[in-house]
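Let me begin by presenting the structure, written as structure tokens, before commenting on it.
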Amino acid sequence: MALDEESPLVDQIQAGNQTFNHGRDVHILSWAFLLIFLAYGAAQNLQSTINTDGDLGTISLGILYTSFTVSSLFASSVVRMLGSKNALLLGTTGYWLYIAANLKPSWYTMVPASLYLGFAAAILWVGEGTYLTSTARSQAIDHKLHEGTVIGHFNGLFWGIFASHQLVGNLLTLALLKDGTEGSTSGTTLLFTVFLGSMTLGTVLMAFLKKRDGEETEGERDSSLSFYTFLVSLWKQVVTPLCDMRMLLIVPLIAFSGLQQAFVWAEFTKYYVQPSLGESGVGGAMAVYGAFDAICSLAAGRFTSGLTSITLIVSCGAFLQGGILIWLLNYSEPTGVLSIVCPLLIAAIWGIGDGVLMTQLNALLAMLFKHNMEGTFAQLKLWQSASIAVVFFLSPYISLQTMLFLMLAALILSVAGFFFLVLKVEKVFSNHDS
């Protein structure tokens, strides 16, 4: 069977009542992530506004994503030992601690919290990718559905609900901080207290997930692994995937997905949204970004069934992002009603681009690397977090124009690598079929 063979999603509805069991876990996972990240995402967007003493907010984010990058090197081994559900629960503790640190922001609270969150986030995201893919495979096997279709559908559902965190979190921020009160101690205290409550609910919801340990690894996990065994596992999970030409060709696209996210958080809001809409408009623009991200994720997931559909969807997303980068290179601040419309339009298109990349990258990795899910999703978060950290650390030292040119070059390189991968994989399958 070819990798891009289609299978109608309506079969999923006809498969019987058992379908609900796997769908239940996907919905629990998705809503738990929404509750956790509506708090974290909004808090991240506010860092450069509320924690300005010595650039504490921006520097803490740079520390966070550096820790995330380093932790991604061994996150797959930790997930393999703990199991994906336990890894998810452990990962939530870092986000809770980071929000708590924002109630009393200082170098003594934010730096340790950022370091620990980097570790926890790596564990959480590798656990998420492993758990979601395992759930999709169970659905496909139990009901004899096309695996690529189910993986695409489940990824679209998860990322669609998850992407709503930007919309919900930023609207909550607007409601509680109101206009011009970002620096108000009482306003931020109330906001972060509500965020802690949301994260607690998300963590409790995560506890209701069904364990899938037997499905997500081929071997038996041993919690008392020796240091030598741990190093061997680390080599297998981190270095071995990079010996696969397919992974090397995907890495540039993974890195670009991190670059475009960090650009929106660090540069777009600062240089394009704030001058036109003011500080209070940042939350509104990010809400638009989140809304279109969610809608695009759901739509892209519905249309994902294999390599052909992934290629088409990624091509459309890359074309949109390339057009926006060229527009921003020649951007002049508009006047009148266009000063409101243009930033929001750009935010919407960026949201569409992010929705495309996140759903399709996760689906593509799940389809191509079936036998090392933990290591594969560790690679995803390793290169994403590294590129995000680069943007946060580089942005104070390079001009906006230079950043845009770097982004455009990275997009061209990543798309070229992706197309080469598609040709390589299709050639393998055509040779196999013949």
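Going through (1) assigned to a helix (DSSP H, G or I); (2) within 26 Å of the chain's Cα centre (by Cα); (3) modelled with pLDDT of 80 or more one by one, Phe208 falls short only on (1). Among the residues of the stretch 383-407, those identified as open to solvent by 20 Å² or more (accessible area, probe 1.4 Å) and at pLDDT 85 or above are Trp383, Ala386, Val390, Ile398, Ser399, Leu400, Gln401, Thr402, Phe405, Leu406.
Close Cβ contacts (under 6 Å, 6 or more residues apart or on different chains) running from residues in the stretch 175-203 that are over 17 Å from Ala100 (Cα atoms) and modelled with pLDDT under 70 to residues that are of a type in the set (S, T, N, Q) and open to solvent by 10 Å² or more (accessible area, probe 1.4 Å) comprise Asp179/Ser280; Glu182/Thr49. With respect to the numbered conditions (1) touching a helix residue (DSSP H, G or I) at 6+ places or on another chain (Cβ under 7 Å); (2) open to solvent by 50 Å² or more (accessible area, probe 1.4 Å); (3) under 30 Å from Ala291 (Cβ atoms), which one is the sole condition not fulfilled by Thr66? Condition (3) is where Thr66 drops out. Cβ-Cβ distances below 9 Å connect the following pairs, each with a first residue in the stretch 136-163 that is more than 16 Å from Lys370 (Cα to Cα) and modelled with pLDDT under 80, a second residue that is open to solvent by less than 10 Å² (accessible area, probe 1.4 Å) and part of a helix (DSSP H, G or I), and a separation of six or more residues or different chains: His143/Val150; Leu145/Gln139. Kindly check whether there is at least one residue in the stretch 94-109 that is free of Cβ contacts under 8 Å to residues at least 40 places away in the same chain, under 20 Å from the mean Cα position of the chain (by Cα) and within 15 Å of Met206 (Cα to Cα). Scanning the stretch 94-109 turns up at least one residue that is free of Cβ contacts under 8 Å to residues at least 40 places away in the same chain, under 20 Å from the mean Cα position of the chain (by Cα) and within 15 Å of Met206 (Cα to Cα).
The values are calculated or read from the model by the stated rules, or taken from the named source; none is laboratory data. Computed from a predicted structure; not experimentally measured. With ideal geometry, Cβ positions are generated from the backbone for all residues, glycine too; neighbour counts draw on all protein chains shown. Ligands, DNA and RNA are excluded from the accessible area calculation, which covers all protein heavy atoms including side chains. Shrake-Rupley method; radii C 1.70, N 1.55, O 1.52, S 1.80 Å.
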